[in-house]
Amino acid sequence: MDQSDPLDTARDFGLHRLADGYPDEIREAAAFARLLAQKLPRDLAPDEEPAHVYRAKTAS
Amino acid sequence: MTDFAELSIAEAGGLLRARKISPVEYTQALLDRIVRHDGALNAFLRLMPDEALAAAKTAEAQIMAGDWRGPMHGVPYALKDIIDAAGVPTTCHSKIFADAKAASADAHVTGLLRRAGAILLGKTSTHEFAIGGPSFDLPWPPARNPWNREHFPGGSSSGSGAALAAGFVPAALGSDTGGSVRNPASFCGLAGMKPTYGRVSRRGVFPLSYSLDHVGPMTRTVADNAILLNVLAGHDAADPGSADRAAPDFSAALERGVSGLRIGVIRHFFDGDLHADAEMKCGIENALDVLRGLGAKVRDIALTPLGDYAAANRIILLSEAFAIHETWFRERPQDYGSSTRRRIGGGAFIRAADYVNATRVKARLACEFADTMRDIDVAITASSMDLPARLDDPEALEHGYGRQARPPFNLIGAPALAVPTGFSSSGLPLSMQIVAKNFDEAMIYRVAHAYEQAAGWTARRPKLA
């Protein structure tokens, strides 16, 4: 997540009413998203694929 | 004289089948109780007395004619108001849908219950779109906890939890994307199951996050939960996440006990990664002692830290939720509650790479869990770390929101049941989670039922004013 003003980013996304009407909420939401991204593990190997398709293992 | 509010599904089913009680008198008694008490609890957004009594009369005629359809026939239940019932609007507890038209069809689960002869009493309150709450800035007030109405009943399936604890219904459905069945089950002293991803169809349920959404049964007893899942489970080709595999009889192994079963305790989730409230922790330790006393072999197991699960769950959830809500966020942000804007709004700021990496973490953690569970029958950990906060204390509510160990099992898809482990010194319910391998809900019920029978917590009921 870059450090640009989240209100500008929201406006870039077309969320003008949200950014203009609820700036504090948007700043809080953006800060939380940034925090989540920082908490994500970074040691993923290239062959670790996304779980796009659910492949359940059966109970043994 | 029958106290209808106290009946379990198992008890009611037996009485209905034997024609000792009538679906009509049962339905009427619960409707009367709701009218008498729900003004103080706000469990229901919409009560459906006419439809319910008509369905009860039909059930009565069928049972009298010998056409008994199973243990839910003639049994009243409630639906979280993100789940469609034909002919009734689904509001998602939001101004966005406050004037919504009636649903044109039943959700898959509603249809299953209708065919089983269950009686829908009404739609229950939720956090807005199953995420924003508890909130006082929505068209309807939040549900309150029957054990102490000043306190949060858990969410987002808040009304379903409150309705069960208050004796308004013996069965209710909730949805669970980060813990929304298990949280109200924990805070209201109930059994709440998040089944394996794909076990129960989500067709006709308003989505929060496609990858993480589950529909689950909520009841006052474990045996009732198995009865309800017996109706709900099964493949639905119209739900892309539905698993094409047969469901077993979830009640079949209930009485087999736990002697010799291997229980792993994910202690670091509640005594390391996070630190649970002392009474909550004590409830889990006492439950483990009970299970040891019943012959289970209990040992600690370790998984990846809880924070990794929580971050991946949240990144996927918020990204997918924002994708669903983006148009309304552009055009009608004023029609959401503040809590929903703050939570779903975060999804606008998550990078695509982080979303993809979260799904890769999901795959990694699902494999780790499967490997860890290879020589374990069930795992036990905390559900909530804290007791239910007061509804007039927004800081405590927000603080408690992330202090829980439920999202890991949404992320990896494994089944997880919240069950009561007693009561705090202040009289509020305590709880734990029992988790199993994918599609092994029956093992969870077996362990939970043995514990419940030994501990006896479900006999206690809140006193309504």
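The values are calculated or read from the model by the stated rules, or taken from the named source; none is laboratory data. For clarity, every value in this text was computed on a predicted model and none was experimentally measured. Cβ placement follows ideal geometry from the backbone for every residue including glycine, while neighbour counts extend to all protein chains displayed.
Might you check whether a residue that is under 15 Å from the mean Cα position of the chain (by Cα) and surrounded by 20 or more Cβ atoms within 10 Å (Cβ to Cβ) occurs anywhere in the range B:450-461? No, there is no match, as no residue in the range B:450-461 is under 15 Å from the mean Cα position of the chain (by Cα) and surrounded by 20 or more Cβ atoms within 10 Å (Cβ to Cβ).
Does B:A65 meet the test of being aliphatic (A, V, I, L, M), out of contact with any Asp or Glu (no Cβ under 6 Å at 6 or more places or on another chain) and without any contact (Cβ under 8 Å) to a residue 24 or more places away in the chain? In short, yes. I'd like to check something: does the range B:214-225 contain any residue that is buried (at least 18 other Cβ atoms within 10 Å of the Cβ), without any contact (Cβ under 8 Å) to a residue 60 or more places away in the chain and assigned to a loop (DSSP other than H, G, I, E, B)? Taking every residue of the range B:214-225 in turn, none turns out to be buried (at least 18 other Cβ atoms within 10 Å of the Cβ), without any contact (Cβ under 8 Å) to a residue 60 or more places away in the chain and assigned to a loop (DSSP other than H, G, I, E, B).
When we screen B:G337, B:G347 for residues that are crowded, with 22+ Cβ neighbours inside 10 Å and more than 9 Å from chain A (Cβ to nearest Cβ), the only hit is B:G337.
Screening the range B:5-25 for residues that are touching a residue at least 60 places away in the same chain (Cβ under 8 Å) and touching a helix residue (DSSP H, G or I) at 6+ places or on another chain (Cβ under 8 Å) and picking the one that is surrounded by the most Cβ atoms within 10 Å (Cβ to Cβ) gives B:P23. Pairs linking a residue in the range B:299-312 that is within 13 Å of B:I412 (Cα to Cα) to a residue that is among the acidic types (D, E) and modelled with pLDDT of 95 or more, with Cβ atoms under 7 Å and 6 or more positions apart or on different chains, are B:L303/B:E368; B:T304/B:E368; B:L306/B:D273. Given the structure, is B:P49 modelled with pLDDT of 95 or more and buried (at least 22 other Cβ atoms within 10 Å of the Cβ)? Answer is no for this residue. Residues of the range B:145-199 that are of a type in the set (D, E, K, R) and surrounded by fewer than 24 Cβ atoms within 10 Å (Cβ to Cβ): B:R149, B:E150. Number of residues in the range B:1-44 that are on the phi > 0 side of the Ramachandran plot and in contact with a Phe, Trp or Tyr (Cβ under 8 Å, 6 or more places away or on another chain): the value is 1. Would you check if there is a residue in the range B:147-157 being out of contact with any strand residue (DSSP E or B) (no Cβ under 6 Å at 6 or more places or on another chain) and assigned to a helix (DSSP H, G or I)? No, that holds for no residue. Residues in the range B:245-261 that are of a type in the set (A, V, I, L, M), assigned to a loop (DSSP other than H, G, I, E, B) and surrounded by 13 or more Cβ atoms within 10 Å (Cβ to Cβ): B:A247, B:A252, B:A253, B:V258, B:L261. Residues of the range B:285-334 that are assigned to a loop (DSSP other than H, G, I, E, B) and of a type in the set (G, A, S): B:G295, B:A296, B:A302. In the range B:362-409, the qualifying residues are those that are touching a residue at least 12 places away in the same chain (Cβ under 8 Å) and aromatic (F, W, Y), and the one that is farthest from B:I316 (Cα to Cα) is B:F369. Listed here are the helices (runs of 4 or more DSSP H) enclosed by the range A:1-45 that have at least 3 residues being facing another protein chain (nearest Cβ under 9 Å) and not β-branched (V, I, T): A:16-21, A:23-39.
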